[in-house]
Amino acid sequence: MDRVEDLNFEGLTEIYLRILDIQTFCPCPPAWYCVRTQPKHEHIAAATLTQNLGLEVFHPRLRLERATRRGVVRVVEPLFPCYLFVRCSLGERLDEIRFVSGVSSLVHFGQRIPVVPTPVIEELRQCFEAEEPMSVEDRLYPGAEVTVAEGAFLGFSGIVVRLLPARQRVQILLEFLGRTTIAEVDRKSLTTENYSVANLVPSLAITALMNVAAVG
């Protein structure tokens, strides 16, 4: 699993566990729940839950850049790899959801299947207009971890040392031929490695911290 997926999984865990009131479990009225999918099957599970079961599904995705041997490519990936959200009356649809193609399980704590508070879903949805993937722009700054996707240093990872906006160049610190060196590369040849949910949806991060403070 790559770094973006690792960070997004951590972001889901932090937001979901801190904001969630795991004591609120009511199987009768429709509510939002978190579904765990099989790896790379988020889109299959979402389509089946929507088309076959007629359920409301929220599957936030990102449109971002990836460094490959062919250079920088644009891809669409889930915000929370292996997770999506479904709204239903759980007591009536639990067994159906469990056997949907692509679904692994519903997120649970022991025997409890907690409700995801509606404000959390609404907050996320404000960032994803018409359920379209949200475009993520690289945010370069000194100290940011980057990967070189083009040129002589293709595939190398480094840390941004200095931005040179006038020339659209960036100085990065990297390991080359057994020693640490500073290299100057084209800004467009870099992709960042430090995406996080907190950066993408900052208000959710603030809400999470407020809830932790309230509990403490």
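Rule-based calculations on the coordinates, nothing more; no lab input. Treat the numbers as computed from the prediction; the structure is a model and nothing was measured. Cβ sites come from the backbone with ideal geometry, for glycine too, and all protein chains shown count toward neighbours.
Residues whose amide H falls under 5 Å from that of Q38, counting only those 5 or more places apart or on a different chain, are V103, S104, with hydrogens built in the peptide plane. Label separation (R74 vs E145): 2.7 nm, computed from points 7 Å beyond Cα along the C-beta direction. Under 5 Å between amide hydrogens, built in the peptide plane, is the criterion, and for A144 it picks out V160 among residues at least 5 positions away or on other chains.
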